[in-house]
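Peer 1: Can you keep this structure in mind? I'll have questions shortly.
The values are calculated or read from the model by the stated rules, or taken from the named source; none is laboratory data. On a predicted model such as this, the values are computed, not experimentally measured, just so you know. As a convention, Cβ positions derive from the backbone with ideal geometry for all residues, glycine included, and neighbour counts pool all protein chains shown.
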Amino acid sequence: MTSLCVLTGGKILTLAISAFSLSWTHSVEKGTWRELWSVTPAGLALHTALIKGSGAGMEPGDDAIEKDGWIVWHPKSPPLPSLSLAASGATVSDWKLCHANGCIDLGQKADDDTVLKPCPGP
C-alpha cells in the first residue's frame, strides 16, 4: 500500500492512503481552490483542479468546464517528488488535506510550513 508522509512542525505523520484532496481559500479573490492528488511510485500526481469563481491568480486550464458551481480541469503535469505548502500567517485559510478517513488542517500559523511526499517503500 502507498503512504503519504506529511512533514510539519518538525514531525512526520504517515497516512496509509493512495489519494487525497488539498483545498484552501485564495488569499486575494477569496474563492475556494481544491486539487485532487494521488500518491504513486513516481511521486505525487495532480489529476484534477477545481475552483469556485475566478480572478487574479485563479486562471483555469484550457480544458476547464463548469460543473455544479465549480470550474473543473485536468492539469497536464508530471508527478512531483514532493509538494511544499508555505504558511505566511497572512492568508485567509489553512490548507485542508482530506482523504477517505478524514481531514487535517495544515499551516495554521505563520512559518508552519509543510512538505507532502510519498513515504519511502519498505
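Peer 1: Could you please give the count of residues in the stretch 94-114 that are at pLDDT 95 or above and surrounded by 13 or more Cβ atoms within 10 Å (Cβ to Cβ)?
Peer 2: The qualifying residues number 3.
Peer 1: For the stretch 64-79, state whether one or more residues are touching a Phe, Trp or Tyr at 6+ places or on another chain (Cβ under 8 Å), surrounded by 12 or more Cβ atoms within 10 Å (Cβ to Cβ) and at pLDDT 90 or above. Quick ask: steps written out before the conclusion?
Peer 2: First, pick out the residues of the stretch 64-79 that are touching a Phe, Trp or Tyr at 6+ places or on another chain (Cβ under 8 Å): 64-65.
Imposing the further condition that a residue be surrounded by 12 or more Cβ atoms within 10 Å (Cβ to Cβ) reduces the set to 64.
Still in the list and also at pLDDT 90 or above: 64.
Taking every residue of the stretch 64-79 in turn, at least one turns out to be touching a Phe, Trp or Tyr at 6+ places or on another chain (Cβ under 8 Å), surrounded by 12 or more Cβ atoms within 10 Å (Cβ to Cβ) and at pLDDT 90 or above.
Peer 1: Checking the condition touching a Phe, Trp or Tyr at 6+ places or on another chain (Cβ under 8 Å), among the polar types (S, T, N, Q) and modelled with pLDDT of 80 or more, which residue from T91, T40, T25 passes? Give the derivation first.
Peer 2: Numbers: T91 fails: modelled with pLDDT of 80 or more; T40 fails: touching a Phe, Trp or Tyr at 6+ places or on another chain (Cβ under 8 Å).
Residue meeting the stated conditions: T25.
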